[in-house]
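S.K.: Just passing along the structure, written as structure tokens.
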């Protein structure tokens with residue numbers, strides 16, 4: 001099966017097809033939604049999107065790592081990372097199962 | 001922030017739209033991502049991150065309490081990788097973030 005990559009342009013198109021807005025406005029709204037999600041995450045806030053999943057910011061403490069090529073030990077600085085926790089509905093839909101939660 | 005708060009925020013910035021419409025827009029984005037993943041496609045959102053799926057082979061697990069063997073069926077799991085931009089943004093020093101705009105102004109006035 002041909003695996004393709006969905007990008008922002010496809011999201012604009014999906015919004016345009018489902019909601020009665022112009023292409024330009026659909027694109028602007030998709031951008032705004034992504035921006036608002038990013039802004040919330042940048043402040044360390046968790047973003048929970050029901051029946052999809054949650055984006056969580058985790059703080060990692062410093063630990064010793066190793067350069068896999070040279071084997072030299074190097075400290076890994078403390079950092080913040082963004083992780084995605086998929087909801088059960090999303091997991092079920094990806095496995096081709098239907099969930100009562102998703103009617104339509 | 002939860003979905004309804006996101007919808008409210010967007011609706012406030014777009015007074016000509018009904019909240020219901022905004023909710024529809026958010027849902028169609030999430031739906032598009034979900035169906036793409038269900039198709040086995042990848043979703044790449046520059047500046048945010050990329051969604052993909054990974055296949056898990058069937059295996060024999062064990063109930064950790066009883067030690068009993070359990071068959072675990074194969075499945076597909078969603079996975080997400082944050083973008084470089086997002087990584088940089090999360091780890092920027094607070095002073096650096098604030099400096100970004102003033103430095104531009106300083107360059108202009110100089």
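S.K.: Expressed as cubic angstrom per residue, what is the convex hull volume of the alpha carbon set of the range A:1-65?
M.R.: 171 Å³
S.K.: What average number of partner chain Cβ atoms lie no more than 10 Å from the Cβ of the residues making up A:54-66?
M.R.: 1
S.K.: Another question, then. Taking R0 as 25 Å, what's the FRET efficiency between residue A:56 and residue A:32 from their Cβ-Cβ distance, rounded to 0.05?
M.R.: Approximately 0.65, to the nearest 0.05.
S.K.: Still on this structure: What number, rounded to the nearest 500 deg cm²/dmol, is the helix-based mean residue ellipticity at 222 nm of chain A, given -39500 (n - 2.57) per DSSP H run of at least four residues and division by all its residues?
M.R.: The helix contribution divided over chain A gives -11500 deg cm²/dmol.
S.K.: What are the principal axis extents of the Cα atoms in the range B:1-41, in Å, biggest first?
M.R.: Cα spread of the range B:1-41 along its principal axes, largest to smallest: 37, 21, 12 Å.
S.K.: Please compute, for peptide B:58-67, the average count of beta-carbon atoms on other protein chains lying within 10 Å of each residue's beta-carbon.
M.R.: Averaged over the peptide's residues, the number is 0.
S.K.: How much FRET efficiency would the formula 1/(1 + (r/R0)^6) give for residue A:39 and residue B:39, where r is the Cβ-Cβ distance and R0 is 41 Å, rounded to 0.05?
M.R.: Efficiency, rounded to the nearest 0.05: 0.85.
S.K.: Sorting check: for A:20-30, A:66-76, B:35-45, which peptide has the highest mean count of neighbouring beta carbons within 10 Å, and how do the rest follow?
M.R.: Those peptides, ordered most packed to least, come out B:35-45, A:20-30, A:66-76.
S.K.: Provide, for q = 0.16 Å⁻¹, the log10 of I(q)/I(0) from a solvent-free Debye sum over equal Cα point scatterers in the range B:50-99.
M.R.: The Debye formula, applied to the Cα set alone, gives -0.66.
S.K.: Can you give the mean number of other chain Cβ atoms that lie within 10 Å of the Cβ atoms in peptide B:11-24?
M.R.: 2
S.K.: Quick one: if you stick a label point 7 Å off each Cα along the C-beta vector at residue A:21 and residue A:79, how many nm between them?
M.R.: In this crude label model, residue A:21 to residue A:79 measures out at 3.4 nm.
S.K.: Provide, in order from the shortest bin, the percent of all Cα-Cα pairs of the protein assembly as shown in each 10 Å bin, continuing until the bin that contains the maximum pair distance.
M.R.: Result, from short to long distances: 7, 25, 30, 23, 11, 3, 1, 0 percent.
Any read-out appearing in this document is the output of simple, stated calculations on the displayed coordinates, not a laboratory observation. Here the structure is a predicted model, which is why all the values come from computation and not from measurement. Methodologically, a virtual Cβ is constructed for each residue, glycine included, from the backbone with ideal geometry; neighbour enumeration extends over all protein chains shown.
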